[in-house]
Amino acid sequence: MSEKDERVAVRGLRDVAAAESKISYVDPNGALYYLGYNIDDLIERVVYEEVAYLLIYKKLPNMQELYNFKTKLVSEMKLPHPIVENIKSVPINCCPMDVLRTQVSHLSEHDPEGKVFSEPANIRRAIRLIAQVPTIVATLYRSLREKPVPAPKKEFDLVQNFLYMLKGTIPNEKAAKVMHRFMTLHIDHGFNASTFAARVTASTNSDMYSAVTSAIGTLKGPLHGGAGEKVMEMLDDMFLDEKVEEYIQGLLDDKKKIMGFGHRIYKTQDPRTKHLRDIVEDFCESFTTSYFYDKCKRIERIVYDRKKIYPNVDFYAAVALDALGIQKEFFPLFFASSRISGWVAHILEQYEDAVLLRPSQKYVGELGRIFVPIEHR
Ligand code: COA
(Lines give C-alpha, C1' and ligand atoms only; values in the text may rest on other atoms or scores of the structure.)
Protein backbone atom coordinates (compact mmCIF):
# COMPACT_ATOMS: atom_id res chain seq x y z
CA MET A 1 0.00 0.00 0.00
CA SER A 2 1.23 3.54 -0.84
CA GLU A 3 2.38 6.04 1.78
CA LYS A 4 -0.18 8.23 3.56
CA ASP A 5 -0.88 11.49 1.69
CA GLU A 6 1.17 14.03 3.70
CA ARG A 7 -0.21 17.15 2.02
CA VAL A 8 -2.01 19.66 4.22
CA ALA A 9 -5.51 20.60 3.06
CA VAL A 10 -6.36 24.26 3.55
CA ARG A 11 -10.01 24.03 4.57
CA GLY A 12 -12.15 26.48 2.60
CA LEU A 13 -8.95 27.73 0.89
CA ARG A 14 -8.78 30.26 3.73
CA ASP A 15 -5.91 32.74 3.15
CA VAL A 16 -4.74 30.92 0.01
CA ALA A 17 -3.76 33.41 -2.73
CA ALA A 18 -4.90 31.43 -5.78
CA ALA A 19 -3.48 33.86 -8.38
CA GLU A 20 -2.19 37.41 -8.77
CA SER A 21 -4.73 40.10 -9.65
CA LYS A 22 -4.68 43.85 -10.21
CA ILE A 23 -8.43 44.37 -10.25
CA SER A 24 -9.50 44.90 -6.65
CA TYR A 25 -7.95 44.68 -3.22
CA VAL A 26 -9.98 43.56 -0.23
CA ASP A 27 -7.98 44.93 2.70
CA PRO A 28 -8.69 42.89 5.85
CA ASN A 29 -8.41 46.12 7.83
CA GLY A 30 -11.64 47.34 6.32
CA ALA A 31 -10.89 48.98 2.97
CA LEU A 32 -11.72 48.11 -0.62
CA TYR A 33 -9.81 49.34 -3.66
CA TYR A 34 -10.76 49.12 -7.35
CA LEU A 35 -7.56 49.28 -9.45
CA GLY A 36 -5.94 51.06 -6.51
CA TYR A 37 -8.74 53.60 -5.90
CA ASN A 38 -10.28 53.45 -2.44
CA ILE A 39 -14.06 53.06 -2.80
CA ASP A 40 -14.54 55.86 -0.25
CA ASP A 41 -13.02 58.23 -2.83
CA LEU A 42 -15.22 56.90 -5.62
CA ILE A 43 -18.70 56.55 -4.15
CA GLU A 44 -20.96 59.47 -5.10
CA ARG A 45 -18.23 60.87 -7.38
CA VAL A 46 -18.41 58.26 -10.13
CA VAL A 47 -21.14 56.53 -12.08
CA TYR A 48 -21.30 52.74 -12.34
CA GLU A 49 -20.27 52.69 -16.02
CA GLU A 50 -17.12 54.68 -15.15
CA VAL A 51 -16.00 51.95 -12.75
CA ALA A 52 -16.98 49.20 -15.21
CA TYR A 53 -14.71 50.95 -17.74
CA LEU A 54 -11.95 51.10 -15.09
CA LEU A 55 -12.16 47.35 -14.49
CA ILE A 56 -12.09 46.47 -18.19
CA TYR A 57 -9.53 49.00 -19.47
CA LYS A 58 -7.54 49.45 -16.22
CA LYS A 59 -7.81 53.24 -16.33
CA LEU A 60 -10.52 55.79 -15.58
CA PRO A 61 -12.19 57.14 -18.72
CA ASN A 62 -12.13 60.81 -19.74
CA MET A 63 -15.45 62.49 -20.65
CA GLN A 64 -15.42 61.38 -24.28
CA GLU A 65 -14.39 57.79 -23.44
CA LEU A 66 -17.13 57.56 -20.85
CA TYR A 67 -19.71 58.94 -23.25
CA ASN A 68 -18.69 56.42 -25.93
CA PHE A 69 -18.68 53.56 -23.42
CA LYS A 70 -22.13 54.46 -22.07
CA THR A 71 -23.52 54.77 -25.60
CA LYS A 72 -22.04 51.40 -26.53
CA LEU A 73 -23.51 49.74 -23.45
CA VAL A 74 -27.00 51.06 -24.12
CA SER A 75 -26.77 49.99 -27.76
CA GLU A 76 -25.99 46.44 -26.57
CA MET A 77 -28.83 46.13 -24.06
CA LYS A 78 -31.34 44.63 -26.47
CA LEU A 79 -31.67 40.85 -26.14
CA PRO A 80 -31.90 38.40 -29.03
CA HIS A 81 -35.59 37.64 -29.68
CA PRO A 82 -35.40 33.90 -28.71
CA ILE A 83 -34.01 34.87 -25.29
CA VAL A 84 -36.97 37.18 -24.68
CA GLU A 85 -39.31 34.36 -25.73
CA ASN A 86 -37.53 31.92 -23.40
CA ILE A 87 -37.93 34.31 -20.50
CA LYS A 88 -41.62 34.78 -21.25
CA SER A 89 -42.15 31.03 -21.07
CA VAL A 90 -40.70 30.42 -17.58
CA PRO A 91 -43.17 29.21 -14.93
CA ILE A 92 -44.46 31.82 -12.52
CA ASN A 93 -42.92 30.00 -9.53
CA CYS A 94 -39.43 29.82 -11.09
CA CYS A 95 -36.29 30.74 -9.16
CA PRO A 96 -35.16 34.00 -10.83
CA MET A 97 -31.45 33.19 -10.37
CA ASP A 98 -31.95 29.91 -12.26
CA VAL A 99 -33.51 31.82 -15.14
CA LEU A 100 -30.64 34.31 -15.23
CA ARG A 101 -28.07 31.48 -15.19
CA THR A 102 -29.84 29.62 -17.99
CA GLN A 103 -30.42 32.66 -20.20
CA VAL A 104 -26.80 33.81 -19.91
CA SER A 105 -25.89 30.34 -21.07
CA HIS A 106 -28.32 30.71 -23.99
CA LEU A 107 -26.72 34.03 -24.98
CA SER A 108 -23.69 32.10 -26.21
CA GLU A 109 -25.86 30.61 -28.98
CA HIS A 110 -26.57 34.13 -30.26
CA ASP A 111 -23.08 35.59 -29.95
CA PRO A 112 -22.54 37.59 -33.17
CA GLU A 113 -18.85 36.66 -33.07
CA GLY A 114 -19.43 32.95 -32.62
CA LYS A 115 -16.39 31.14 -31.27
CA VAL A 116 -13.81 33.87 -32.02
CA PHE A 117 -11.57 33.89 -28.95
CA SER A 118 -9.25 36.88 -29.58
CA GLU A 119 -8.74 39.50 -26.85
CA PRO A 120 -10.67 42.24 -28.74
CA ALA A 121 -13.56 39.80 -29.32
CA ASN A 122 -13.58 38.88 -25.65
CA ILE A 123 -13.62 42.56 -24.61
CA ARG A 124 -16.60 43.16 -26.93
CA ARG A 125 -18.28 40.08 -25.44
CA ALA A 126 -17.59 41.39 -21.92
CA ILE A 127 -19.30 44.70 -22.82
CA ARG A 128 -22.30 42.86 -24.26
CA LEU A 129 -22.64 40.84 -21.07
CA ILE A 130 -22.43 43.95 -18.86
CA ALA A 131 -25.29 45.38 -20.96
CA GLN A 132 -27.42 42.26 -21.36
CA VAL A 133 -27.45 40.80 -17.84
CA PRO A 134 -29.54 43.74 -16.48
CA THR A 135 -31.87 43.40 -19.48
CA ILE A 136 -32.45 39.70 -18.73
CA VAL A 137 -33.27 40.68 -15.14
CA ALA A 138 -35.65 43.48 -16.20
CA THR A 139 -37.34 41.27 -18.81
CA LEU A 140 -37.91 38.49 -16.28
CA TYR A 141 -39.20 40.95 -13.67
CA ARG A 142 -41.71 42.36 -16.15
CA SER A 143 -42.77 39.09 -17.70
CA LEU A 144 -43.52 37.52 -14.29
CA ARG A 145 -45.97 40.39 -13.89
CA GLU A 146 -47.30 39.77 -17.40
CA LYS A 147 -46.11 43.17 -18.52
CA PRO A 148 -44.05 44.01 -21.60
CA VAL A 149 -40.54 45.32 -21.10
CA PRO A 150 -39.94 48.74 -22.69
CA ALA A 151 -37.03 49.15 -25.11
CA PRO A 152 -33.97 50.95 -23.67
CA LYS A 153 -33.91 54.69 -24.29
CA LYS A 154 -30.90 56.28 -25.98
CA GLU A 155 -31.02 59.33 -23.70
CA PHE A 156 -30.64 57.16 -20.55
CA ASP A 157 -27.50 55.43 -19.32
CA LEU A 158 -27.37 51.70 -18.55
CA VAL A 159 -28.39 52.14 -14.92
CA GLN A 160 -31.34 54.43 -15.68
CA ASN A 161 -32.43 52.04 -18.42
CA PHE A 162 -32.16 49.10 -16.04
CA LEU A 163 -34.61 50.78 -13.65
CA TYR A 164 -36.80 52.05 -16.48
CA MET A 165 -37.09 48.63 -18.13
CA LEU A 166 -37.71 46.95 -14.79
CA LYS A 167 -40.38 49.31 -13.50
CA GLY A 168 -41.79 50.53 -16.79
CA THR A 169 -41.66 54.14 -15.56
CA ILE A 170 -38.99 56.80 -15.86
CA PRO A 171 -36.80 56.56 -12.74
CA ASN A 172 -36.51 59.64 -10.57
CA GLU A 173 -33.10 61.18 -9.95
CA LYS A 174 -32.81 59.78 -6.43
CA ALA A 175 -33.52 56.19 -7.49
CA ALA A 176 -31.00 56.42 -10.34
CA LYS A 177 -28.31 57.88 -8.05
CA VAL A 178 -28.92 55.19 -5.45
CA MET A 179 -28.67 52.49 -8.10
CA HIS A 180 -25.34 53.88 -9.36
CA ARG A 181 -24.00 53.74 -5.80
CA PHE A 182 -25.45 50.28 -5.16
CA MET A 183 -24.02 48.86 -8.38
CA THR A 184 -20.61 50.48 -7.83
CA LEU A 185 -20.45 48.99 -4.34
CA HIS A 186 -21.21 45.52 -5.73
CA ILE A 187 -19.05 45.68 -8.84
CA ASP A 188 -16.06 43.67 -7.64
CA HIS A 189 -14.60 42.08 -4.54
CA GLY A 190 -11.36 40.20 -5.07
CA PHE A 191 -11.45 36.42 -5.27
CA ASN A 192 -14.92 35.97 -3.79
CA ALA A 193 -16.49 32.56 -4.44
CA SER A 194 -18.38 33.46 -7.66
CA THR A 195 -15.42 35.31 -9.17
CA PHE A 196 -13.17 32.41 -8.32
CA ALA A 197 -15.65 30.01 -9.95
CA ALA A 198 -15.64 32.19 -13.08
CA ARG A 199 -11.84 32.18 -13.13
CA VAL A 200 -11.62 28.41 -12.71
CA THR A 201 -13.87 27.96 -15.75
CA ALA A 202 -11.97 30.61 -17.73
CA SER A 203 -8.66 28.98 -16.80
CA THR A 204 -9.53 26.00 -19.01
CA ASN A 205 -9.88 28.50 -21.91
CA SER A 206 -13.58 27.88 -21.90
CA ASP A 207 -15.77 30.69 -23.24
CA MET A 208 -16.93 33.74 -21.29
CA TYR A 209 -20.58 32.63 -21.14
CA SER A 210 -19.60 29.36 -19.48
CA ALA A 211 -17.47 31.24 -16.96
CA VAL A 212 -20.27 33.71 -16.14
CA THR A 213 -22.76 30.84 -15.85
CA SER A 214 -20.45 29.21 -13.27
CA ALA A 215 -20.31 32.52 -11.41
CA ILE A 216 -24.08 32.96 -11.32
CA GLY A 217 -24.60 29.44 -9.99
CA THR A 218 -22.07 30.18 -7.26
CA LEU A 219 -23.47 33.58 -6.37
CA LYS A 220 -26.90 32.05 -5.85
CA GLY A 221 -25.99 30.29 -2.58
CA PRO A 222 -27.13 31.83 0.72
CA LEU A 223 -23.55 32.04 1.99
CA HIS A 224 -22.80 34.40 -0.91
CA GLY A 225 -25.22 36.53 -2.97
CA GLY A 226 -28.27 34.68 -1.71
CA ALA A 227 -27.75 36.17 1.77
CA GLY A 228 -29.68 39.37 1.00
CA GLU A 229 -32.91 37.51 0.38
CA LYS A 230 -32.47 35.68 3.70
CA VAL A 231 -31.86 39.02 5.47
CA MET A 232 -35.21 40.27 4.21
CA GLU A 233 -36.93 37.03 5.25
CA MET A 234 -35.50 37.52 8.74
CA LEU A 235 -36.62 41.17 8.88
CA ASP A 236 -40.07 40.20 7.60
CA ASP A 237 -40.33 37.52 10.28
CA MET A 238 -39.47 40.04 12.96
CA PHE A 239 -41.85 42.53 11.41
CA LEU A 240 -44.56 40.19 12.58
CA ASP A 241 -43.48 39.44 16.13
CA GLU A 242 -41.28 42.48 16.83
CA LYS A 243 -39.12 40.57 19.29
CA VAL A 244 -35.74 41.48 17.85
CA GLU A 245 -33.57 40.68 20.84
CA GLU A 246 -35.25 37.35 21.53
CA TYR A 247 -35.24 36.37 17.85
CA ILE A 248 -31.53 37.08 17.28
CA GLN A 249 -30.38 35.62 20.61
CA GLY A 250 -32.45 32.52 19.82
CA LEU A 251 -30.72 32.05 16.48
CA LEU A 252 -27.31 32.48 18.09
CA ASP A 253 -28.22 30.09 20.95
CA ASP A 254 -29.10 27.53 18.26
CA LYS A 255 -25.70 28.19 16.62
CA LYS A 256 -27.40 29.50 13.50
CA LYS A 257 -25.77 32.05 11.25
CA ILE A 258 -27.27 35.52 11.12
CA MET A 259 -27.57 36.28 7.43
CA GLY A 260 -25.81 39.44 6.29
CA PHE A 261 -23.16 39.15 9.02
CA GLY A 262 -19.55 37.96 9.06
CA HIS A 263 -16.93 37.91 6.38
CA ARG A 264 -14.07 35.65 5.36
CA ILE A 265 -11.57 38.50 4.81
CA TYR A 266 -12.61 41.59 6.79
CA LYS A 267 -11.56 41.50 10.40
CA THR A 268 -13.38 44.76 11.02
CA GLN A 269 -16.29 46.67 9.38
CA ASP A 270 -16.97 45.81 5.74
CA PRO A 271 -16.14 49.16 4.04
CA ARG A 272 -19.26 48.90 1.86
CA THR A 273 -21.62 48.72 4.83
CA LYS A 274 -21.42 52.39 5.81
CA HIS A 275 -22.31 53.48 2.26
CA LEU A 276 -25.25 51.10 2.11
CA ARG A 277 -26.37 52.15 5.58
CA ASP A 278 -26.30 55.78 4.34
CA ILE A 279 -28.44 54.83 1.35
CA VAL A 280 -31.01 53.23 3.65
CA GLU A 281 -30.93 56.23 6.00
CA ASP A 282 -31.77 58.43 3.00
CA PHE A 283 -34.94 56.40 2.44
CA CYS A 284 -36.05 56.65 6.06
CA GLU A 285 -38.81 59.13 5.24
CA SER A 286 -40.74 55.98 4.34
CA PHE A 287 -42.32 54.33 7.37
CA THR A 288 -41.38 50.77 6.31
CA THR A 289 -37.75 51.61 5.57
CA SER A 290 -37.29 53.49 8.81
CA TYR A 291 -38.90 50.57 10.67
CA PHE A 292 -36.47 48.10 9.06
CA TYR A 293 -33.56 50.49 9.57
CA ASP A 294 -34.20 50.70 13.32
CA LYS A 295 -34.37 46.92 13.49
CA CYS A 296 -31.12 46.62 11.54
CA LYS A 297 -29.31 48.94 13.94
CA ARG A 298 -30.55 46.90 16.88
CA ILE A 299 -29.52 43.62 15.23
CA GLU A 300 -26.07 45.08 14.49
CA ARG A 301 -25.59 45.89 18.18
CA ILE A 302 -26.87 42.52 19.43
CA VAL A 303 -24.72 40.49 17.01
CA TYR A 304 -21.64 42.59 17.73
CA ASP A 305 -22.07 42.32 21.52
CA ARG A 306 -22.44 38.56 21.32
CA LYS A 307 -20.16 37.51 18.42
CA LYS A 308 -17.96 40.56 17.69
CA ILE A 309 -18.85 40.36 14.02
CA TYR A 310 -20.11 43.09 11.70
CA PRO A 311 -22.71 43.33 8.94
CA ASN A 312 -21.46 42.59 5.44
CA VAL A 313 -22.54 44.05 2.11
CA ASP A 314 -25.81 42.09 2.00
CA PHE A 315 -27.30 43.38 5.25
CA TYR A 316 -28.19 46.97 4.37
CA ALA A 317 -28.23 46.19 0.62
CA ALA A 318 -31.37 44.14 1.29
CA VAL A 319 -33.15 47.09 2.90
CA ALA A 320 -31.90 49.46 0.17
CA LEU A 321 -33.41 47.26 -2.55
CA ASP A 322 -36.60 46.87 -0.57
CA ALA A 323 -36.80 50.68 -0.36
CA LEU A 324 -36.49 50.78 -4.15
CA GLY A 325 -39.52 48.47 -4.32
CA ILE A 326 -37.67 45.32 -5.43
CA GLN A 327 -39.03 41.96 -4.28
CA LYS A 328 -36.53 39.89 -2.29
CA GLU A 329 -36.27 36.98 -4.76
CA PHE A 330 -34.64 39.48 -7.14
CA PHE A 331 -31.96 40.73 -4.72
CA PRO A 332 -29.25 38.33 -5.98
CA LEU A 333 -30.07 39.33 -9.56
CA PHE A 334 -29.26 42.96 -8.72
CA PHE A 335 -26.00 41.72 -7.23
CA ALA A 336 -25.29 39.79 -10.45
CA SER A 337 -26.24 42.77 -12.66
CA SER A 338 -23.50 44.75 -10.92
CA ARG A 339 -20.91 42.01 -10.35
CA ILE A 340 -21.03 41.04 -14.02
CA SER A 341 -18.48 43.82 -14.67
CA GLY A 342 -16.12 42.34 -12.09
CA TRP A 343 -16.62 38.81 -13.38
CA VAL A 344 -15.80 39.67 -16.98
CA ALA A 345 -12.78 41.75 -15.91
CA HIS A 346 -11.49 38.74 -13.96
CA ILE A 347 -12.21 36.38 -16.84
CA LEU A 348 -10.16 38.62 -19.16
CA GLU A 349 -7.35 38.74 -16.59
CA GLN A 350 -7.47 34.95 -16.24
CA TYR A 351 -7.22 34.47 -20.04
CA GLU A 352 -4.14 36.71 -19.96
CA ASP A 353 -2.60 34.74 -17.11
CA ALA A 354 -3.10 31.59 -19.18
CA VAL A 355 -2.69 29.08 -16.39
CA LEU A 356 -5.00 26.21 -15.50
CA LEU A 357 -6.43 26.64 -11.99
CA ARG A 358 -6.25 23.11 -10.72
CA PRO A 359 -5.52 22.61 -7.01
CA SER A 360 -4.44 19.41 -5.42
CA GLN A 361 -6.14 17.66 -2.51
CA LYS A 362 -5.23 15.70 0.56
CA TYR A 363 -6.52 12.20 -0.04
CA VAL A 364 -8.01 10.73 3.14
CA GLY A 365 -9.78 7.73 1.63
CA GLU A 366 -8.67 4.12 1.55
CA LEU A 367 -6.07 2.51 -0.73
CA GLY A 368 -5.34 -1.08 -1.73
CA ARG A 369 -8.88 -2.40 -1.26
CA ILE A 370 -9.48 -5.90 -2.53
CA PHE A 371 -11.80 -5.87 -5.54
CA VAL A 372 -14.75 -8.29 -5.33
CA PRO A 373 -16.53 -9.04 -8.67
CA ILE A 374 -20.24 -8.11 -8.69
CA GLU A 375 -21.46 -11.73 -8.63
CA HIS A 376 -19.64 -12.27 -5.30
CA ARG A 377 -20.78 -9.12 -3.46
N1 COA B 1 -23.76 34.64 12.24
C2 COA B 1 -23.32 34.12 13.40
N3 COA B 1 -22.06 33.72 13.58
C4 COA B 1 -21.22 33.85 12.55
C5 COA B 1 -21.61 34.39 11.32
C6 COA B 1 -22.94 34.80 11.20
N7 COA B 1 -23.38 35.32 10.07
N8 COA B 1 -20.56 34.42 10.47
C9 COA B 1 -19.54 33.89 11.16
N10 COA B 1 -19.93 33.56 12.40
C11 COA B 1 -19.12 32.98 13.45
C12 COA B 1 -19.06 31.47 13.28
O13 COA B 1 -20.10 30.81 13.94
C14 COA B 1 -17.72 31.20 13.86
O15 COA B 1 -17.83 31.30 15.27
P16 COA B 1 -17.12 30.25 16.23
O17 COA B 1 -15.65 30.43 15.95
O18 COA B 1 -17.56 30.66 17.58
O19 COA B 1 -17.62 28.90 15.78
C20 COA B 1 -16.87 32.39 13.40
O21 COA B 1 -17.80 33.46 13.28
C22 COA B 1 -16.15 32.16 12.09
O23 COA B 1 -17.13 31.80 11.13
P24 COA B 1 -16.85 30.98 9.80
O25 COA B 1 -18.14 30.42 9.32
O26 COA B 1 -15.70 30.05 10.04
O27 COA B 1 -16.34 32.10 8.82
P28 COA B 1 -16.13 31.92 7.29
O29 COA B 1 -15.01 32.80 6.94
O30 COA B 1 -16.00 30.48 6.91
O31 COA B 1 -17.51 32.40 6.70
C32 COA B 1 -19.25 33.66 5.82
C33 COA B 1 -17.75 33.62 6.12
C34 COA B 1 -19.56 34.95 5.08
C35 COA B 1 -19.63 32.48 4.94
C36 COA B 1 -20.02 33.60 7.15
O37 COA B 1 -19.71 34.73 7.91
C38 COA B 1 -21.52 33.47 6.92
O39 COA B 1 -22.02 32.36 6.74
N40 COA B 1 -22.27 34.60 6.97
C41 COA B 1 -23.69 34.56 6.72
C42 COA B 1 -23.99 34.54 5.22
C43 COA B 1 -23.68 35.84 4.58
O44 COA B 1 -24.08 36.91 5.05
N45 COA B 1 -23.03 35.77 3.43
C46 COA B 1 -22.68 36.94 2.64
C47 COA B 1 -21.20 37.14 2.64
S48 COA B 1 -20.73 38.65 1.86
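The values are calculated or read from the model by the stated rules, or taken from the named source; none is laboratory data. Keep in mind that what you see is a predicted model, and the values were worked out from it rather than measured. No Cβ is skipped: glycine too gets one built from the backbone with ideal geometry, and neighbour counts run over all protein chains shown. We work out accessible area using only protein heavy atoms, side chains counted, and drop any ligands, DNA or RNA first. Shrake-Rupley method; radii C 1.70, N 1.55, O 1.52, S 1.80 Å.
A few remarks follow.
- All aspartates and glutamates inside 17 Å of residue 147 as judged from Cα atoms, apart from same-chain residues fewer than 8 positions distant: 85
- The chain - percent of accessible surface contributed by carbon and sulfur, probe 1.4 Å: 52 percent
- Which of 205, 259, 235, positive extreme of dipole for the range 190-284 (C-beta unit charges): 205
- Annotation: the antiparallel percentage among DSSP beta bridges lying fully within the chain is about 90.
- Estimated [θ] at 222 nm from DSSP helical runs (n ≥ 4, -39500 (n - 2.57)) normalised by residues in the chain, nearest 500: -17500 deg cm²/dmol
- Centroid-to-centroid separation of the range 59-117 and the range 350-371 [C-alpha atoms, Å]: 35 Å
- With all protein chains modelled, accessible area of residue 289 [1.4 Å, Å²]: 10 Å²
- Among the listed pairs 72/220; 59/174; 256/307; 78/154; 22/362; 220/257, those beyond 22 Å (Cα-Cα): 72/220; 59/174; 22/362
- Cα-based shape type of the range 227-323, given that a ≥ b ≥ c are square roots of the gyration tensor eigenvalues and the cut on a/c is 1.5: oblate
- Solvent-accessible heavy-atom area per residue, rounded to whole Å², over the chain at 1.4 Å: 50 Å²
- Of 58/115; 230/295; 177/255, those spanning more than 27 Å from alpha-carbon to alpha-carbon: 177/255
- For the peptides 151-163, 340-352, the ranking by packing is 340-352, 151-163, with the highest mean count of neighbouring Cβ atoms within 10 Å listed first.
- The accessible area of residue 207, taken with all protein chains in place and a 1.4 Å probe, comes to roughly 60 Å².
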